[in-house]
(Lines give C-alpha, C1' and ligand atoms only; values in the text may rest on other atoms or scores of the structure.)
Protein backbone atom coordinates (compact mmCIF):
# COMPACT_ATOMS: atom_id res chain seq x y z
CA UNK A 1 0.00 0.00 0.00
CA UNK A 2 1.29 3.43 -0.85
CA UNK A 3 2.23 5.63 2.10
CA UNK A 4 1.83 8.92 0.25
CA UNK A 5 -1.78 10.08 0.12
CA UNK A 6 -3.45 12.26 -2.45
CA UNK A 7 -3.11 15.98 -1.80
CA UNK A 8 -6.38 17.93 -1.68
CA UNK A 9 -7.33 19.45 -5.01
CA UNK A 10 -7.29 23.21 -4.42
CA UNK A 11 -7.55 25.86 -7.13
CA UNK A 12 -4.91 28.31 -5.82
CA UNK A 13 -3.98 29.97 -9.10
CA UNK A 14 -0.68 30.09 -10.95
CA UNK A 15 1.33 31.75 -8.20
CA UNK A 16 0.46 31.13 -4.57
CA UNK A 17 1.86 34.49 -3.48
CA UNK A 18 -0.72 36.35 -5.56
CA UNK A 19 -3.58 34.99 -3.46
CA UNK A 20 -4.30 35.06 0.26
CA UNK A 21 -3.66 31.80 2.06
CA UNK A 22 -6.66 29.49 2.20
CA UNK A 23 -8.14 29.19 5.64
CA UNK A 24 -9.53 25.83 6.81
CA UNK A 25 -13.01 27.15 6.08
CA UNK A 26 -12.05 28.02 2.51
CA UNK A 27 -10.41 24.61 2.08
CA UNK A 28 -13.56 22.85 3.28
CA UNK A 29 -15.58 24.88 0.75
CA UNK A 30 -13.16 23.99 -2.04
CA UNK A 31 -13.28 20.26 -1.28
CA UNK A 32 -16.06 19.30 1.12
CA UNK A 33 -15.17 15.62 0.73
CA UNK A 34 -11.56 16.00 1.82
CA UNK A 35 -12.28 14.95 5.39
CA UNK A 36 -13.61 11.64 4.08
CA UNK A 37 -10.78 11.13 1.60
CA UNK A 38 -8.09 11.76 4.20
CA UNK A 39 -9.29 9.17 6.73
CA UNK A 40 -6.71 6.80 8.22
CA UNK A 41 -8.44 3.40 8.67
CA UNK A 42 -7.64 1.43 11.82
CA UNK A 43 -6.83 -1.88 10.11
CA UNK A 44 -7.19 -5.02 12.21
CA UNK A 45 -7.50 -8.75 11.69
CA UNK A 46 -11.00 -9.46 10.43
CA UNK A 47 -11.55 -12.83 12.08
CA UNK A 48 -9.29 -15.28 13.87
CA UNK A 49 -10.73 -18.04 11.71
CA UNK A 50 -9.40 -16.27 8.61
CA UNK A 51 -5.79 -15.56 7.51
CA UNK A 52 -4.00 -12.88 9.51
CA UNK A 53 -3.32 -11.03 6.24
CA UNK A 54 -7.05 -10.49 5.81
CA UNK A 55 -7.63 -7.12 7.48
CA UNK A 56 -10.76 -5.05 8.07
CA UNK A 57 -11.53 -1.45 8.88
CA UNK A 58 -14.44 0.96 8.96
CA UNK A 59 -14.59 4.39 7.35
CA UNK A 60 -17.27 7.05 7.10
CA UNK A 61 -18.95 8.38 3.97
CA UNK A 62 -21.74 10.92 3.50
CA UNK A 63 -25.24 9.55 3.28
CA UNK A 64 -26.04 12.29 0.75
CA UNK A 65 -23.05 13.47 -1.27
CA UNK A 66 -24.84 16.70 -2.20
CA UNK A 67 -24.83 17.54 1.53
CA UNK A 68 -21.63 15.92 2.86
CA UNK A 69 -21.63 17.87 6.12
CA UNK A 70 -24.88 16.28 7.23
CA UNK A 71 -25.50 12.64 8.15
CA UNK A 72 -22.77 10.05 7.62
CA UNK A 73 -22.87 6.27 7.42
CA UNK A 74 -20.24 3.61 8.11
CA UNK A 75 -18.62 1.59 5.34
CA UNK A 76 -16.90 -1.73 6.09
CA UNK A 77 -13.78 -2.35 3.97
CA UNK A 78 -11.21 -5.13 3.86
CA UNK A 79 -7.86 -5.88 2.27
CA UNK A 80 -5.11 -8.40 1.63
CA UNK A 81 -1.92 -6.57 0.68
CA UNK A 82 0.20 -7.44 -2.33
CA UNK A 83 3.35 -8.12 -0.31
CA UNK A 84 6.90 -7.01 -0.99
CA UNK A 85 7.70 -8.63 -4.35
CA UNK A 86 8.32 -5.25 -5.97
CA UNK A 87 5.75 -6.07 -8.65
CA UNK A 88 2.83 -4.19 -7.09
CA UNK A 89 0.72 -2.25 -9.59
CA UNK A 90 -2.03 -0.93 -7.33
CA UNK A 91 -5.27 -1.95 -5.66
CA UNK A 92 -8.19 -3.91 -7.12
CA UNK A 93 -11.68 -3.57 -5.71
CA UNK A 94 -14.31 -6.33 -5.90
CA UNK A 95 -18.10 -6.53 -5.96
CA UNK A 96 -20.02 -9.85 -5.98
CA UNK A 97 -23.31 -8.60 -7.42
CA UNK A 98 -26.77 -8.16 -6.02
CA UNK A 99 -27.72 -5.45 -5.50
CA UNK A 100 -27.47 -6.45 -1.86
CA UNK A 101 -24.47 -8.79 -2.06
CA UNK A 102 -21.83 -8.57 0.65
CA UNK A 103 -18.29 -8.12 -0.61
CA UNK A 104 -16.21 -7.85 2.54
CA UNK A 105 -14.88 -11.41 2.28
CA UNK A 106 -14.03 -11.26 -1.40
CA UNK A 107 -10.28 -10.68 -0.91
CA UNK A 108 -10.03 -14.11 0.74
CA UNK A 109 -11.93 -15.78 -2.08
CA UNK A 110 -10.05 -13.95 -4.84
CA UNK A 111 -6.70 -14.60 -3.17
CA UNK A 112 -7.36 -18.31 -3.74
CA UNK A 113 -8.67 -17.85 -7.28
CA UNK A 114 -6.21 -15.43 -8.85
CA UNK A 115 -2.89 -16.82 -10.13
CA UNK A 116 0.20 -15.67 -8.27
CA UNK A 117 1.54 -13.55 -11.13
CA UNK A 118 -1.66 -11.48 -11.03
CA UNK A 119 -2.24 -11.62 -7.29
CA UNK A 120 1.19 -10.19 -6.42
CA UNK A 121 0.45 -7.03 -8.40
CA UNK A 122 -2.54 -5.94 -6.33
CA UNK A 123 -3.79 -5.15 -2.88
CA UNK A 124 -7.11 -7.04 -2.87
CA UNK A 125 -9.88 -4.78 -1.57
CA UNK A 126 -13.36 -5.82 -0.47
CA UNK A 127 -16.26 -3.82 0.89
CA UNK A 128 -19.88 -4.16 1.85
CA UNK A 129 -21.78 -1.59 -0.23
CA UNK A 130 -23.79 1.02 1.64
CA UNK A 131 -26.74 -0.49 3.47
CA UNK A 132 -25.35 -4.02 3.10
CA UNK A 133 -23.85 -6.36 5.72
CA UNK A 134 -21.63 -4.37 8.05
CA UNK A 135 -22.00 -1.08 6.18
CA UNK A 136 -24.84 0.50 8.18
CA UNK A 137 -27.23 -2.31 7.22
CA UNK A 138 -30.80 -1.41 6.37
CA UNK A 139 -33.94 -3.39 7.04
CA UNK A 140 -37.55 -2.97 6.05
CA UNK A 141 -38.83 -5.39 8.70
CA UNK A 142 -40.12 -7.73 6.00
CA UNK A 143 -41.52 -11.14 6.81
CA UNK A 144 -40.24 -14.20 4.96
CA UNK A 145 -43.32 -14.13 2.72
CA UNK A 146 -42.84 -10.44 1.96
CA UNK A 147 -39.25 -11.12 0.90
CA UNK A 148 -40.37 -13.43 -1.90
CA UNK A 149 -39.92 -11.41 -5.10
CA UNK A 150 -41.37 -14.03 -7.48
CA UNK A 151 -45.06 -13.40 -8.06
CA UNK A 152 -46.73 -15.15 -11.01
CA UNK A 153 -49.66 -13.37 -12.57
CA UNK A 154 -53.11 -14.81 -12.02
CA UNK A 155 -56.31 -12.72 -12.27
CA UNK A 156 -57.54 -14.01 -8.91
CA UNK A 157 -54.31 -13.09 -7.07
CA UNK A 158 -53.32 -9.81 -8.76
CA UNK A 159 -55.05 -7.63 -6.18
CA UNK A 160 -53.08 -9.46 -3.49
CA UNK A 161 -49.85 -8.87 -5.47
CA UNK A 162 -50.59 -5.13 -5.56
CA UNK A 163 -51.11 -5.15 -1.80
CA UNK A 164 -47.77 -6.97 -1.35
CA UNK A 165 -45.92 -4.43 -3.50
CA UNK A 166 -47.46 -1.45 -1.71
CA UNK A 167 -46.81 -3.00 1.72
CA UNK A 168 -43.12 -3.60 1.00
CA UNK A 169 -42.66 -0.02 -0.24
CA UNK A 170 -44.49 1.42 2.77
CA UNK A 171 -42.58 -0.71 5.29
CA UNK A 172 -39.25 0.26 3.75
CA UNK A 173 -40.18 3.93 3.83
CA UNK A 174 -41.43 3.72 7.42
CA UNK A 175 -38.23 2.01 8.62
CA UNK A 176 -35.74 4.20 6.76
CA UNK A 177 -37.38 7.45 5.75
CA UNK A 178 -35.42 9.58 3.28
CA UNK A 179 -32.26 7.48 3.78
CA UNK A 180 -33.58 5.04 1.14
CA UNK A 181 -33.20 7.70 -1.55
CA UNK A 182 -29.42 7.53 -1.14
CA UNK A 183 -29.00 3.76 -1.41
CA UNK A 184 -28.22 3.95 -5.11
CA UNK A 185 -25.61 2.76 -7.56
CA UNK A 186 -24.32 6.31 -8.11
CA UNK A 187 -23.72 6.81 -4.39
CA UNK A 188 -22.03 3.41 -4.09
CA UNK A 189 -19.74 4.47 -6.95
CA UNK A 190 -18.95 7.63 -5.00
CA UNK A 191 -18.19 5.46 -1.97
CA UNK A 192 -15.76 3.49 -4.13
CA UNK A 193 -13.96 6.69 -4.98
CA UNK A 194 -13.64 7.57 -1.31
CA UNK A 195 -12.16 4.11 -0.74
CA UNK A 196 -9.69 4.79 -3.56
CA UNK A 197 -8.59 8.06 -1.96
CA UNK A 198 -8.37 6.54 1.53
CA UNK A 199 -6.07 3.85 0.12
CA UNK A 200 -3.86 6.57 -1.35
CA UNK A 201 -4.41 5.44 -4.94
CA UNK A 202 -4.62 7.77 -7.94
CA UNK A 203 -6.58 5.10 -9.81
CA UNK A 204 -8.40 1.93 -8.84
CA UNK A 205 -8.74 -1.39 -10.66
CA UNK A 206 -11.93 -3.42 -10.34
CA UNK A 207 -13.58 -6.81 -10.85
CA UNK A 208 -17.36 -6.89 -10.61
CA UNK A 209 -19.84 -9.70 -11.19
CA UNK A 210 -23.46 -9.38 -12.35
CA UNK A 211 -24.91 -6.22 -10.71
CA UNK A 212 -21.29 -5.36 -9.94
CA UNK A 213 -20.76 -4.87 -13.69
CA UNK A 214 -23.25 -2.03 -13.72
CA UNK A 215 -21.68 -0.55 -10.61
CA UNK A 216 -18.26 -0.70 -12.28
CA UNK A 217 -19.57 0.88 -15.48
CA UNK A 218 -21.21 3.68 -13.51
CA UNK A 219 -17.94 4.32 -11.66
CA UNK A 220 -16.04 4.42 -14.95
CA UNK A 221 -18.58 6.91 -16.30
CA UNK A 222 -18.47 9.15 -13.23
CA UNK A 223 -14.72 8.93 -12.57
CA UNK A 224 -13.02 8.15 -15.90
CA UNK A 225 -9.66 9.63 -14.87
CA UNK A 226 -9.54 7.35 -11.82
CA UNK A 227 -10.46 4.16 -13.67
CA UNK A 228 -7.61 1.70 -14.18
CA UNK A 229 -8.03 -1.97 -15.17
CA UNK A 230 -11.74 -2.86 -15.00
CA UNK A 231 -13.24 -6.31 -15.62
CA UNK A 232 -17.03 -6.69 -15.87
CA UNK A 233 -18.04 -10.34 -15.58
CA UNK A 234 -21.58 -11.37 -16.66
CA UNK A 235 -22.80 -7.92 -17.48
CA UNK A 236 -26.03 -6.02 -16.96
CA UNK A 237 -27.39 -4.13 -19.97
CA UNK A 238 -27.31 -0.49 -18.79
CA UNK A 239 -30.10 0.40 -21.21
CA UNK A 240 -32.46 -1.88 -19.28
CA UNK A 241 -32.02 -0.91 -15.65
CA UNK A 242 -34.00 -2.02 -13.85
CA UNK A 243 -37.42 -3.27 -14.87
CA UNK A 244 -36.06 -4.48 -18.17
CA UNK A 245 -33.41 -6.53 -16.38
CA UNK A 246 -36.07 -8.46 -14.47
CA UNK A 247 -38.18 -8.93 -17.60
CA UNK A 248 -35.17 -10.19 -19.51
CA UNK A 249 -34.95 -13.23 -17.22
CA UNK A 250 -38.12 -14.39 -18.99
CA UNK A 251 -36.91 -13.47 -22.47
CA UNK A 252 -33.59 -15.25 -21.98
CA UNK A 253 -35.12 -18.41 -20.58
CA UNK A 254 -37.08 -19.34 -23.71
CA UNK A 255 -34.04 -20.12 -25.93
CA UNK A 256 -32.47 -21.98 -23.01
CA UNK A 257 -35.64 -24.06 -22.68
CA UNK A 258 -35.61 -24.81 -26.42
CA UNK A 259 -31.98 -25.92 -26.17
CA UNK A 260 -32.92 -28.11 -23.18
CA UNK A 261 -35.68 -29.91 -25.12
CA UNK A 262 -33.22 -30.74 -27.92
CA UNK A 263 -30.50 -31.88 -25.48
CA UNK A 264 -32.92 -34.05 -23.51
CA UNK A 265 -34.52 -35.63 -26.59
CA UNK A 266 -31.09 -36.85 -27.70
CA UNK A 267 -30.78 -38.60 -24.30
CA UNK A 268 -34.21 -40.16 -24.10
CA UNK A 269 -32.63 -43.51 -23.21
CA UNK A 270 -31.43 -41.89 -19.97
CA UNK A 271 -34.25 -39.53 -18.95
CA UNK A 272 -37.33 -40.97 -20.69
CA UNK A 273 -38.86 -37.52 -21.17
CA UNK A 274 -39.44 -37.80 -24.93
CA UNK A 275 -37.51 -38.72 -28.06
CA UNK A 276 -38.12 -35.43 -29.89
CA UNK A 277 -37.93 -31.81 -28.70
CA UNK A 278 -41.70 -31.51 -29.15
CA UNK A 279 -42.26 -34.59 -27.00
CA UNK A 280 -39.97 -33.29 -24.24
CA UNK A 281 -41.75 -29.92 -24.32
CA UNK A 282 -45.14 -31.66 -24.02
CA UNK A 283 -43.89 -33.76 -21.10
CA UNK A 284 -42.84 -30.62 -19.24
CA UNK A 285 -46.06 -28.67 -19.82
CA UNK A 286 -48.17 -31.71 -18.99
CA UNK A 287 -46.30 -31.81 -15.67
CA UNK A 288 -47.06 -28.13 -15.06
CA UNK A 289 -50.77 -28.66 -15.81
CA UNK A 290 -50.85 -31.70 -13.56
CA UNK A 291 -49.24 -29.75 -10.70
CA UNK A 292 -51.80 -26.97 -11.14
CA UNK A 293 -54.64 -29.48 -10.84
CA UNK A 294 -53.05 -31.43 -8.00
CA UNK A 295 -49.90 -29.94 -6.36
CA UNK A 296 -47.00 -32.37 -6.26
CA UNK A 297 -45.65 -33.44 -2.84
CA UNK A 298 -41.93 -32.71 -2.91
CA UNK A 299 -39.54 -32.59 0.07
CA UNK A 300 -42.26 -31.69 2.54
CA UNK A 301 -43.89 -29.12 0.26
CA UNK A 302 -46.66 -29.19 -2.31
CA UNK A 303 -45.60 -27.58 -5.59
CA UNK A 304 -48.05 -26.18 -8.13
CA UNK A 305 -47.15 -25.29 -11.70
CA UNK A 306 -46.07 -21.75 -10.79
CA UNK A 307 -43.72 -23.09 -8.12
CA UNK A 308 -42.11 -25.43 -10.64
CA UNK A 309 -41.74 -22.74 -13.32
CA UNK A 310 -39.97 -20.47 -10.84
CA UNK A 311 -37.78 -23.23 -9.42
CA UNK A 312 -36.60 -24.56 -12.78
CA UNK A 313 -36.04 -21.29 -14.66
CA UNK A 314 -32.32 -21.08 -13.87
CA UNK A 315 -31.76 -24.81 -14.31
CA UNK A 316 -32.77 -24.80 -17.97
CA UNK A 317 -29.48 -23.01 -18.70
CA UNK A 318 -27.68 -26.21 -17.61
CA UNK A 319 -29.62 -28.95 -19.42
CA UNK A 320 -28.46 -31.92 -17.36
CA UNK A 321 -29.54 -30.25 -14.13
CA UNK A 322 -32.99 -29.45 -15.55
CA UNK A 323 -33.46 -32.95 -16.94
CA UNK A 324 -32.69 -34.55 -13.59
CA UNK A 325 -35.07 -32.20 -11.81
CA UNK A 326 -37.95 -32.86 -14.19
CA UNK A 327 -37.43 -36.63 -13.83
CA UNK A 328 -37.46 -36.25 -10.05
CA UNK A 329 -40.65 -34.18 -10.14
CA UNK A 330 -42.36 -36.72 -12.42
CA UNK A 331 -41.51 -39.49 -10.00
CA UNK A 332 -42.88 -37.46 -7.11
CA UNK A 333 -46.09 -36.80 -9.05
CA UNK A 334 -46.42 -40.56 -9.60
CA UNK A 335 -45.97 -41.21 -5.89
CA UNK A 336 -42.46 -42.62 -6.25
CA UNK A 337 -39.55 -41.70 -3.97
CA UNK A 338 -37.80 -38.62 -5.27
CA UNK A 339 -35.22 -36.16 -3.99
CA UNK A 340 -34.44 -32.66 -5.10
CA UNK A 341 -31.62 -32.41 -7.60
CA UNK A 342 -28.67 -30.54 -6.10
CA UNK A 343 -27.71 -28.35 -9.02
CA UNK A 344 -24.51 -26.36 -9.09
CA UNK A 345 -25.22 -22.93 -7.56
CA UNK A 346 -25.98 -20.49 -10.37
CA UNK A 347 -23.89 -17.71 -8.86
CA UNK A 348 -20.45 -19.20 -8.35
CA UNK A 349 -19.15 -15.91 -6.98
CA UNK A 350 -21.36 -15.76 -3.90
CA UNK A 351 -19.17 -14.64 -0.99
CA UNK A 352 -19.33 -15.60 2.66
CA UNK A 353 -21.60 -13.62 4.94
CA UNK A 354 -19.71 -10.72 6.43
CA UNK A 355 -21.36 -10.32 9.79
CA UNK A 356 -18.89 -10.10 12.65
CA UNK A 357 -18.86 -12.96 15.17
CA UNK A 358 -21.91 -12.60 17.38
CA UNK A 359 -23.43 -9.92 15.15
CA UNK A 360 -26.90 -10.56 13.77
CA UNK A 361 -27.72 -8.96 10.44
CA UNK A 362 -31.34 -8.10 9.61
CA UNK A 363 -32.94 -11.13 7.98
CA UNK A 364 -34.27 -9.01 5.11
CA UNK A 365 -31.08 -6.99 4.55
CA UNK A 366 -30.36 -8.24 1.02
CA UNK A 367 -33.99 -7.87 -0.05
CA UNK A 368 -34.25 -4.37 1.42
CA UNK A 369 -31.13 -3.25 -0.45
CA UNK A 370 -32.25 -4.95 -3.66
CA UNK A 371 -35.47 -2.96 -3.81
CA UNK A 372 -33.80 0.23 -2.60
CA UNK A 373 -31.32 0.17 -5.48
CA UNK A 374 -33.51 -1.08 -8.34
CA UNK A 375 -36.34 1.27 -7.36
CA UNK A 376 -34.12 4.20 -6.40
CA UNK A 377 -31.75 4.19 -9.38
CA UNK A 378 -34.32 5.14 -12.02
CA UNK A 379 -37.72 6.77 -12.43
CA UNK A 380 -38.59 4.48 -15.35
CA UNK A 381 -40.88 2.23 -13.29
CA UNK A 382 -44.60 2.41 -14.20
CA UNK A 383 -46.81 3.87 -11.49
CA UNK A 384 -50.12 2.43 -12.71
CA UNK A 385 -50.77 -1.09 -11.35
CA UNK A 386 -52.92 -1.87 -14.37
CA UNK A 387 -49.92 -1.47 -16.67
CA UNK A 388 -48.17 -4.26 -14.79
CA UNK A 389 -51.27 -6.42 -15.17
CA UNK A 390 -51.40 -5.83 -18.93
CA UNK A 391 -47.67 -6.45 -19.32
CA UNK A 392 -47.82 -9.66 -17.28
CA UNK A 393 -50.67 -11.03 -19.40
CA UNK A 394 -48.88 -10.13 -22.64
CA UNK A 395 -45.51 -11.52 -21.58
CA UNK A 396 -46.93 -14.74 -20.17
CA UNK A 397 -48.18 -15.41 -23.70
CA UNK A 398 -44.83 -14.45 -25.25
CA UNK A 399 -42.60 -16.18 -22.69
CA UNK A 400 -44.67 -18.94 -21.07
CA UNK A 401 -42.01 -20.08 -18.62
CA UNK A 402 -41.46 -16.83 -16.75
CA UNK A 403 -43.03 -13.90 -18.60
CA UNK A 404 -45.70 -13.20 -16.02
CA UNK A 405 -43.19 -13.37 -13.16
CA UNK A 406 -40.87 -10.90 -14.89
CA UNK A 407 -43.54 -8.30 -15.67
CA UNK A 408 -45.80 -8.48 -12.61
CA UNK A 409 -46.02 -5.59 -10.18
CA UNK A 410 -43.15 -4.76 -7.82
CA UNK A 411 -42.66 -2.38 -4.87
CA UNK A 412 -41.07 0.11 -7.29
CA UNK A 413 -44.57 1.10 -8.42
CA UNK A 414 -45.02 2.75 -5.01
CA UNK A 415 -41.44 3.94 -4.34
CA UNK A 416 -40.46 7.58 -3.86
CA UNK A 417 -38.99 9.21 -6.94
CA UNK A 418 -35.18 8.95 -7.25
CA UNK A 419 -32.96 11.65 -5.82
CA UNK A 420 -31.11 12.04 -9.14
CA UNK A 421 -31.33 10.77 -12.74
CA UNK A 422 -30.05 7.37 -13.80
CA UNK A 423 -26.49 7.27 -15.17
CA UNK A 424 -26.11 7.14 -18.95
CA UNK A 425 -23.28 4.64 -19.45
CA UNK A 426 -21.25 5.30 -22.58
CA UNK A 427 -17.59 4.94 -23.49
CA UNK A 428 -15.03 3.11 -21.35
CA UNK A 429 -11.95 1.12 -22.22
CA UNK A 430 -12.38 -2.01 -20.17
CA UNK A 431 -12.91 -5.78 -20.46
CA UNK A 432 -16.25 -7.57 -20.32
CA UNK A 433 -16.61 -11.36 -19.95
CA UNK A 434 -19.70 -13.38 -20.81
CA UNK A 435 -20.94 -16.98 -20.90
CA UNK A 436 -23.34 -17.87 -23.70
CA UNK A 437 -25.76 -19.65 -21.34
CA UNK A 438 -26.11 -17.42 -18.29
CA UNK A 439 -29.49 -17.36 -16.55
CA UNK A 440 -29.12 -14.01 -14.81
CA UNK A 441 -27.27 -12.00 -17.44
CA UNK A 442 -27.82 -13.89 -20.71
CA UNK A 443 -25.67 -13.15 -23.73
CA UNK A 444 -27.83 -10.30 -25.03
CA UNK A 445 -27.42 -8.51 -21.70
CA UNK A 446 -23.64 -8.76 -21.90
CA UNK A 447 -23.77 -7.56 -25.51
CA UNK A 448 -25.85 -4.59 -24.36
CA UNK A 449 -23.10 -3.52 -21.96
CA UNK A 450 -20.45 -4.14 -24.60
CA UNK A 451 -22.30 -1.94 -27.11
CA UNK A 452 -22.75 0.85 -24.57
CA UNK A 453 -19.04 0.88 -23.70
CA UNK A 454 -17.66 1.78 -27.11
CA UNK A 455 -14.02 1.29 -26.17
CA UNK A 456 -14.53 -2.06 -24.45
CA UNK A 457 -13.49 -5.56 -25.50
CA UNK A 458 -15.49 -8.69 -24.79
CA UNK A 459 -14.39 -12.24 -24.00
CA UNK A 460 -17.28 -14.45 -25.06
CA UNK A 461 -17.40 -18.10 -23.91
CA UNK A 462 -19.32 -19.96 -26.59
CA UNK A 463 -21.19 -22.82 -24.94
CA UNK A 464 -20.27 -21.55 -21.48
CA UNK A 465 -22.85 -22.19 -18.77
CA UNK A 466 -23.50 -20.51 -15.45
CA UNK A 467 -23.48 -17.05 -13.95
CA UNK A 468 -19.90 -15.88 -13.54
CA UNK A 469 -16.95 -16.69 -15.80
CA UNK A 470 -13.76 -15.68 -13.98
CA UNK A 471 -13.22 -18.43 -11.46
CA UNK A 472 -11.76 -21.90 -11.36
CA UNK A 473 -9.10 -23.12 -13.79
CA UNK A 474 -6.61 -20.31 -14.59
CA UNK A 475 -5.71 -22.21 -17.78
CA UNK A 476 -9.22 -21.80 -19.19
CA UNK A 477 -9.37 -19.55 -22.22
CA UNK A 478 -11.47 -16.76 -20.70
CA UNK A 479 -9.46 -16.75 -17.48
CA UNK A 480 -6.23 -16.46 -19.42
CA UNK A 481 -7.59 -13.43 -21.25
CA UNK A 482 -8.66 -11.77 -18.00
CA UNK A 483 -5.34 -12.52 -16.32
CA UNK A 484 -3.39 -11.10 -19.25
CA UNK A 485 -5.37 -7.87 -19.07
CA UNK A 486 -5.02 -7.55 -15.29
CA UNK A 487 -1.29 -8.25 -15.56
CA UNK A 488 -0.47 -5.84 -18.38
CA UNK A 489 -3.34 -3.39 -18.63
CA UNK A 490 -3.52 -4.08 -22.37
CA UNK A 491 -6.91 -4.92 -23.82
CA UNK A 492 -7.12 -7.54 -26.59
CA UNK A 493 -6.79 -6.01 -30.05
CA UNK A 494 -10.29 -7.28 -30.81
CA UNK A 495 -13.04 -9.25 -29.12
CA UNK A 496 -12.16 -12.82 -28.15
CA UNK A 497 -14.29 -15.94 -28.54
CA UNK A 498 -13.51 -18.97 -26.41
CA UNK A 499 -15.13 -22.33 -27.10
CA UNK A 500 -16.11 -24.82 -24.45
CA UNK A 501 -15.48 -28.54 -24.69
CA UNK A 502 -16.84 -30.29 -21.61
CA UNK A 503 -15.87 -28.02 -18.72
CA UNK A 504 -12.80 -26.58 -20.45
CA UNK A 505 -12.53 -23.47 -22.58
CA UNK A 506 -10.97 -23.99 -25.97
CA UNK A 507 -9.26 -21.10 -27.72
CA UNK A 508 -8.96 -18.24 -27.81
CA UNK A 509 -10.34 -17.62 -31.26
CA UNK A 510 -10.15 -13.91 -31.97
CA UNK A 511 -13.04 -12.26 -33.75
CA UNK A 512 -16.18 -10.28 -33.19
CA UNK A 513 -18.57 -11.58 -30.55
CA UNK A 514 -21.47 -13.23 -32.39
CA UNK A 515 -24.96 -11.84 -32.19
CA UNK A 516 -27.29 -14.41 -30.58
CA UNK A 517 -29.78 -16.16 -32.82
CA UNK A 518 -33.17 -14.46 -32.83
CA UNK A 519 -35.54 -15.97 -30.31
CA UNK A 520 -39.06 -15.01 -29.25
CA UNK A 521 -38.52 -11.50 -27.90
CA UNK A 522 -35.21 -10.01 -26.94
CA UNK A 523 -32.70 -12.14 -24.97
CA UNK A 524 -31.68 -10.55 -21.68
CA UNK A 525 -30.59 -10.68 -18.05
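The values are calculated or read from the model by the stated rules, or taken from the named source; none is laboratory data. Computed from a predicted structure; not experimentally measured. Backbone-built Cβ (ideal geometry, glycine too); neighbour counts: all protein chains shown.
Give the residues of the stretch 452-462 that are at pLDDT 95 or above and either buried (at least 22 other Cβ atoms within 10 Å of the Cβ) or outside any strand (DSSP E or B) (or both), sorted by residue number.
452, 453, 456, 458, 459, 460, 461
Results for (1) modelled with pLDDT of 95 or more; (2) surrounded by 11 or more Cβ atoms within 10 Å (Cβ to Cβ), shown as yes or no for each residue.
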| residue | (1), (2) |
| --- | --- |
| 8 | no, yes |
| 14 | no, no |
| 20 | no, no |
| 24 | no, no |
| 36 | yes, yes |
| 64 | yes, yes |
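Can residue 382 be described as assigned to a loop (DSSP other than H, G, I, E, B), surrounded by fewer than 21 Cβ atoms within 10 Å (Cβ to Cβ) and touching a helix residue (DSSP H, G or I) at 6+ places or on another chain (Cβ under 7 Å)?
yes
For a quick check of your reading of the model, give me the residue pairs whose first member lies in the stretch 410-425 and is free of Cβ contacts under 8 Å to residues at least 60 places away in the same chain and on the phi < 0 side of the Ramachandran plot, whose second is in a loop (DSSP other than H, G, I, E, B) and surrounded by fewer than 17 Cβ atoms within 10 Å (Cβ to Cβ), with beta-carbon atoms closer than 8 Å and at least 6 apart or on different chains.
Every condition considered, the pairs that remain are 417/379; 421/379.
Would you be able to say whether some residue in the stretch 170-180 is buried (at least 20 other Cβ atoms within 10 Å of the Cβ) and over 14 Å from residue 413 (Cβ atoms)?
Within the stretch 170-180 (the criterion being buried (at least 20 other Cβ atoms within 10 Å of the Cβ) and over 14 Å from residue 413 (Cβ atoms)), the answer is yes, since at least one residue qualifies.
Answer yes or no as to whether residue 336 is within 19 Å of residue 140 (Cα to Cα) and at pLDDT below 95.
no
Here are the criteria: (1) surrounded by fewer than 24 Cβ atoms within 10 Å (Cβ to Cβ); (2) under 27 Å from residue 288 (Cα atoms); (3) in contact with a strand residue (DSSP E or B) (Cβ under 8 Å, 6 or more places away or on another chain). Tell me which single one residue 480 does not satisfy.
(2)
Looking only at helices (runs of 4 or more DSSP H) that lie completely in the stretch 134-225, which have at least 1 residues being modelled with pLDDT of 95 or more, out of contact with any strand residue (DSSP E or B) (no Cβ under 8 Å at 6 or more places or on another chain) and over 26 Å from residue 239 (Cα atoms)?
Those helices (runs of 4 or more DSSP H) span 144-147, 158-176, 185-198.
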